Amino acid sequence: MFNTFKKYTWFFKLRWKSYTFGVSALIICAILQVLNPKIIGTIIDHFIGGTLSWKILLFWASLILIFSLVMYALRYGWRMALFGNSTLIESILRNRLFSFFTRMDSEFFHKYRTGDLMAHATNDLSAIRFVAADGVLTLTDALSLGGITLFSMFFFIDWKLTLIAILPFPILIVVSTYLGKMIHARYRGALQAFSSMNDHVQESVTGMKVLKTFGEEKEDLSAFKKETQHVVDENQRVYKLKAALNPSIEIVMGLTYVIALLVGGSYVQSGRISIGDLVAFISYIGMMQWPLLAVGGLINTLERGSAAYDRVEDLLDYAPSIVEQKNPYRRALDGDISFDVQSFAYPDDTEPTLTNIDFHLEKGKMLGLVGRTGSGKSTIYKLLLRDYDQYEGKISYGGIDIKEYALESLKKGIAIVPQENFLFSTTIRENIRFGNPALSQKEVETYAKLANIHEDILEFPEGYDTEVGERGVSLSGGQKQRIAIARALAVEPECLILDDSLSAVDAQTEEAILSSLKQERMHKTTIISAHRISSIMHADEIIVIEKGSISERGTHQELIGEEGWYNDMYQKQQLEKKLDREGE
């Protein structure tokens, strides 16, 4: 049980002043609280002895009132201290987790699902917060109240009667230790079940359009019910153990009461203690019930918090595969790109995704990449952006290995517009200047015009103040692509990558965007991959990727002069255009 508090040592040291005050206030409250039974016993003895007067009664009653007012003030103080700290540790760990997520590489997000990460950042942190407040509160209250009560029973009433009365207590210690270990293991299973359910919710909400399109709502609901039932089952396994604690405590307290009444009664008859002492002793046993019951709640709080803390620590212990060198280059990217990768395979794959990919792209030139879906085009970009480092070969920018650059330099120097565009649920203006918040309205419009989206935006009732909705749900596919292109252009990257990011626009719009880019980025590097030959036909060099290797390379004119995949695809697309025109 106390191993859980060891995990929080760093936070207790950070907030030692407020914890010292909170714990001290609890102990003082416990001391004042155990004096009341003795005062009541004294009043009873005065009454039985016929010595009770209004003056004596008023004195002891006033003392009880003063103790109550002091305890009220102290209880307010420790609540502010302990529960304030619990909110703080949750905030610290949530910020630490979020910062950790922003530093992780693609391999990490490939391994952990979004719903599971959300469960770590919500449900697990709540369990950790309870330990920092309720755990400390319960432990201090139980130990101080229980210890001071036992002390009072020993020295204010009778030590021998106290020793006999607490003989059943070791039974509770053994039972609590055994159940605590089992509860810890089952709580971890319950938290994992919650993570799985969270994953299902996240995926279903994100993919709701697909679910409705295929009419799979009932099937998905049925699967979700199984997930929620699994969460219920796992938590019920915990509750069954928790339910065993209170009966154990009740049995121990029952035995204690019986022993106290039998032995205490005989002590009254023999004159060893007074009736008032016996009444006070029974009151003290009643006060001992709370510390013993608190042990059950404390075990539940600590074991749940310990399991949650272990899950968060396991996550934070993840070592990313992408790390900076000790003294990386922090200068801006400049120069030619040299890409020479002999072999690369994703972490979970046994076969290489890329084999013998090499090209040299001069500064200010445009490279076109084409190939079938899954041929490896996007993988080339991931390696260039250092999403993965475990490849055989070398990639350099300006003659410097990209592994020697600071990650910040790479991210600022290379902008990518991926196949799946992600827009934030804010205005169009804020989405465009996301990477460069200082942009003026005029500059935002300049980049929007380059991406050929300015006129579309002006047609919206609120113009650039239009809220795009979650993931840009209120926009068409082509509009989202063009806003994403404008956002990438706004950071003025040294290298711009368009990963099939013109697939949702028509041929005329595509031609307008490419013409703007060619003129605007005359002295900067651009890489475009696409399925439509028209998107890359004006590139300085075109590379055809087939099954992770280069099958053809050259200019557009050179490639259509060969009998290969590029020429076949070009002729096919030209035929499709011709048929479309004839159909119109």
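The values are calculated or read from the model by the stated rules, or taken from the named source; none is laboratory data. What you see is a predicted model, and the numbers here were worked out from it, not measured in a lab. FYI the Cβ positions are ideal-geometry reconstructions off the backbone, even for glycines, and counts take in every protein chain you see.
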With the first residue restricted to the range 462-489 and required to be touching a residue at least 40 places away in the same chain (Cβ under 8 Å) and more than 10 Å from Asn431 (Cβ to Cβ), and the second required to be assigned to a helix (DSSP H, G or I) and of a type outside the set (A, V, I, L, M, F, W, C), Cβ contacts under 7 Å at 6 or more apart or on different chains are Leu489/Tyr447
Considering each residue of the range 98-114, count those that are in contact with a helix residue (DSSP H, G or I) (Cβ under 8 Å, 6 or more places away or on another chain) and farther than 20 Å from Asp348 by Cβ, and give that number. 3
Within the range 40-58, residues small (Gly, Ala, Ser) and either at pLDDT 75 or above or surrounded by 13 or more Cβ atoms within 10 Å (Cβ to Cβ) (or both) come out as Gly41, Ser53
Given the structure, is Ser534 free of Cβ contacts under 8 Å to residues at least 40 places away in the same chain and touching a helix residue (DSSP H, G or I) at 6+ places or on another chain (Cβ under 9 Å)? yes
Of the residues Asp387, Asp358, which single one is more than 30 Å from Ser474 (Cα to Cα), assigned by TED's automatic domain parsing to the domain that holds Gln573, charged (D, E, K, R) and assigned to a loop (DSSP other than H, G, I, E, B)? Asp387
Keeping to the range 541-555, report how many residues are outside any strand (DSSP E or B) and in contact (Cβ under 8 Å) with a residue 24 or more places away in the chain. 2
Criterion (under 16 Å from Pro328 (Cβ atoms), in the same structural domain as Phe434 (by TED's automatic domain parsing) and at pLDDT 90 or above) met by exactly one of Lys412, Lys403: Lys403
Taking the range 240-271 as the region of interest, how many residues are surrounded by 14 or more Cβ atoms within 10 Å (Cβ to Cβ) and either touching a Cys at 6+ places or on another chain (Cβ under 6 Å) or not hydrophobic (A, V, I, L, M, F, W, C) (or both)? 6
Candidates Arg129, Arg75, Arg94 - the one that is surrounded by 19 or more Cβ atoms within 10 Å (Cβ to Cβ) and among the basic types (Lys, Arg): Arg129
Could you check the range 295-336 and list, in sequence order, the residues that are at pLDDT 85 or above and among the β-branched types (Val, Ile, Thr)? Val312
In the range 568-583, which residues are within 49 Å of the chain's Cα centre (by Cα), of a type outside the set (Phe, Trp, Tyr) and modelled with pLDDT of 85 or more? Asp568, Met569, Lys572
Here the residues within the range 331-388 that are under 24 Å from Leu514 (Cβ atoms) and among the hydrophobic types (A, V, I, L, M, F, W, C) are Leu333, Ile337, Phe339, Phe359, Leu361, Met366, Leu367, Leu369, Val370, Ile380, Leu384, Leu385
